[in-house]
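Shown next, in structure tokens, is the structure this report addresses.
The values are calculated or read from the model by the stated rules, or taken from the named source; none is laboratory data. Just so it is clear, the structure is predicted and the values come from calculations on it, not from any experiment. Counting neighbours? That spans all protein chains shown, and the Cβs are built from the backbone with ideal geometry, glycine included. For the accessible areas, the whole protein counts, side chains as well, though only heavy atoms, and no ligand, DNA or RNA atoms are used. Shrake-Rupley method; radii C 1.70, N 1.55, O 1.52, S 1.80 Å.
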Amino acid sequence: MTIRLQNYSVDAWVSGVGAEQPVVSAINGEVVALASSGGLDFAAMLEHARSVGGPALRAMTFHQRANILKALAQAIIERKEELYALSVTTGATRGDSWIDIEGGAGTLFSISAKGRRELPDDVLIVDGELEQIGKEGTFVGQHVYTTLHGAALHINAFNFPVWGMLEKLGPALLAGIPVIVKPATATAQVAEHAVRIMIETGVLPRGGLQLIVGPVGDTLDHLGCQDVVSFTGSAATAVKLQTHPVIAREAVRFIAERDSINASILGPDADADSPEFGLFVKEIVREMTVKAGQKCTAIRRAFVPRGLLDRTQQEIEDRLSKVVIGDPANDTVTMGALVGISQREDVRAKARELATECKLIFGSIDTVETLGDAVLGAYQSPLLFRNDDPWTAKVVHDLEIFGPVCTLMPYDDPGDALALANRGNGSLALSVFSHSPDVVRAFVLGSGAFHGRLAFIDRDCAKESTGHGSPLPMLIHGGPGRAGGGEEMGGMRAVKHYMQRSALQGSPRSLSTVVRQWLPGAPQTEAIAHPFRKRFGELELGYTLKTESRTITLDDVEHFAHFTGDTFYAHMDEVAAAASPIFGGRVAHGYLILSFAAGLFVDPAPGPVLANFGLENLRFIKPVKPGESIKVALTAKAKSLRSPKMGEVRWSVAVTNQDNELVAAYDLLTMNAV
């Protein structure tokens, strides 16, 4: 049955009018869906996103938005079989689809969890430390991120219709910016259904998510300076979009993930008997066959020490000979089809071009043995090429073949391997199979500037390694040069692509109110009731307990030293401590100061403070000698609700001596009852 795909425009499912683009099964050439965006008012979609979706999302805190992402991910998982059934028509095996569907949901889960854990329960992000500008501290500076007041247009590739959508959608929604998704038509049937699943959860605000299942029409003409375009696809299309006059004139943020001629290197320390050799061979074959090589991170160039070239070729050929190509519905199939006949013809045309300078050593460009329809199905034999003189070659370093194609090449020394890897002029991923930490460091220094991600795989990490070609939500995905110069994912880094960093200047009082944190120099309310007696909702920022002082004696220092076993000379040897240019005599332990400080400010009775779960930013500023005293100022610095029953309180702890000089400072973290 042919599905007529619909757009989701201005909170309604809308069928396109006019010409429809057929979506063809990669398995048998049948038309499985029809797509059209004809008749859509693209300007109205953008305006609806900006005027309805944006304000609704910006009114929510990061934690509320993170909960939306979690609900969307749960819905994808609960209805995953619906997506698996559609994914088969794209040529993907069950394993390929697992990466796309459950991997996509997993990415949303990860972004949601990190958002709740790492971002405040607020609508802006404080960036860096407070900068004191004036001498007296009455004029200060602070960087913050605030959400853009525009819309995000996501133009996605065909290879991962679910994961490729969700890895962009998650950070954008978490940042508070509405999204218009434009999936590639070739796999739009999967993307459209995933959007239906998310819309039907009812958790998204009106205008938060819209969908275009055909051409984007004049959408680009209506973009403005607050909008973001994120594109995944060919370099030619990226350049066309990026040079659009409106994008240039309005300085529209443009994130691109483009062609990438990724490389993998067998390290110079490896030999045919080392575990890294076997891992390398296995990875080359996996990267050629997963998704039939249709991965932006797939290995296109494989470099090995020259003396291992023949052996490596033999091992790769042996593994490739066991690959079973065909209809993913057949359980014995290990590699599915390309996304369509046009993609297969593109792969074959480019493979012929590559064959002008490289020798085909495995597979056939124009014929394929398959457990499927070899005529109407988009099946392609894996193609392994070899070039013994890579520095005289050009096509292999400059042309990406988006299919099951890889070229094996030798290098003469580590410097040669580095230069060859970098010859791709920028990639998404480079992997190195080496058990030598020195080799790893040399490759980071020599190649880091050319590759967005470097994976170093050896016998120690192989069991847990996600391999060469798997982008992870907590790490950036993108690369310089040919790869587009953009970044996606990377944990909370991705959220900031949809936000504006601004430098705030003003009084500590004003900026404290803006960032919802007590800042040094801002007003403090001196405690009447002990702050540990106040529940989370009752505690005001700036509420400060100032303790009595306590004198630290020599007996205290010696008892602490013997009790803890910390008999460092600065605490126990007067002569050595006196000779120190730092101490000038015996001093109290830093952790003794912390312990005594806690004794000064802690209220011991059970109450709203449920637990102390850590301290951060600890600094010992000035030594405390026996006979000197300390006192503490404990100030409620920031609060973040973590559940309906409890919230995190961050306290500023300032320990001073008898002369009011700062001797230690840190942030104390407690969990308080709401």
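Numbers for the structure displayed
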read-out	value
Rounded tilt (10° steps) of 341-354 against the dominant C-alpha axis of the chain	90 degrees
In nm, spacing of pseudo-spin labels at ARG550 and LYS463 (7 Å Cα→C-beta vector)	4.6 nm
Violating pairs (Cα-Cα greater than 27 angstrom) within the set LYS282/LYS496; LYS496/LYS637; LYS240/LYS282; LYS240/LYS295; LYS114/LYS135; LYS114/LYS282	LYS282/LYS496; LYS240/LYS282; LYS114/LYS135; LYS114/LYS282
Label-reachable residues, segment 494-525, where backbone N falls under 16 Å from a point 7 Å from GLU136's Cα toward its Cβ	506-510, 521-523
VAL602/GLN74 FRET efficiency (R0 41 Å; Cβ-Cβ; nearest 0.05)	0.50
Quarter of the Cα convex hull surface for segment 410-458, i.e. its orientation-mean projected area (nm²)	3.1 nm²
Calculated [θ] (222 nm, deg cm²/dmol) that DSSP helices of n ≥ 4 give over the chain, each run adding -39,500 (n - 2.57)	-9000 deg cm²/dmol
For a label point 7 Å along the Cα-to-beta-carbon line of VAL375, residues of segment 13-38 with backbone N under 18 Å	25-31
Cα convex hull of the chain, projected area averaged across orientations, nm²	35.3 nm²
Carbon/sulfur fraction of accessible area - segment 86-196, other protein chains in place, 1.4 Å, %	57 percent
Surface per residue (accessible, 1.4 Å probe) for the chain, Å²	41 Å²
Segment 494-613: radius of gyration over Cα atoms, expressed as a fraction of 2.2 N^0.38 Å	1.53
Calculated FRET value between ASP218 and GLU30, using beta carbons and R₀ = 25 Å, to 0.05	0.15
Reciprocal of mean inverse Cα separation for segment 12-101 (Kirkwood radius, Å)	16.4 Å
Distance between modelled label sites at ARG311 and ALA349, nm, 7 Å Cα→Cβ extension	4.1 nm
Segments 452-463, 81-92 sorted - mean Cβ within 10 Å per residue, highest first	81-92, 452-463
Gain in span if fully extended, ARG286 to ARG94, counting 0.36 nm per residue against the direct Cα distance	67.6 nm
Over 23 Å (Cα to Cα) - which of LYS534/LYS639; LYS546/LYS645; LYS322/LYS359 fall in this group	LYS546/LYS645
Among beta bridges that DSSP assigns inside the chain, antiparallel share in %, nearest 5	60 percent
Simple label model, 7 Å out from Cα along Cβ direction - GLU538 to THR513, nm	2.6 nm
Residues PHE613 and ALA529, FRET efficiency given R0 of 25 Å [Cβ-Cβ distance, rounded to 0.05]	0.60
Taking the chain and dividing mean pair separation by its residue count, relative contact order in percent (alpha carbons under 8 Å, at least six apart)	13 percent
Fraction in percent of alpha-carbon pairs per bin - 5 Å, segment 288-381	3, 12, 20, 26, 21, 12, 5, 2, 0
Nearest 10 degrees, 0 to 90: helix 188-199 Cα axis against the chain principal axis	30 degrees
Rounded percent of accessible protein surface that carbon and sulfur make up, segment 277-369, 1.4 Å probe	47 percent
Radius ratio Rg over Rh of segment 174-224, counting only Cα atoms, Kirkwood formula for Rh	0.99
Full-extension gain in nm, ALA329 to SER364, via 0.36 nm per residue minus C-alpha separation	10.2 nm
Taking N as its residue count, the alpha carbon Rg of segment 337-456 over 2.2 N^0.38 Å	1.22
Peptide ranges 238-248, 110-120, 3-13 listed from the most packed, as the mean C-beta count within 10 angstrom indicates	110-120, 3-13, 238-248
On Cα atoms only, tilt of 437-447 relative to the major axis of the chain in degrees	70 degrees
Residue list for segment 228-270, given a label point 7 angstrom along the Cα-to-Cβ vector of ASN425 and an amide N cut-off under 13 Å	235-236, 259-261
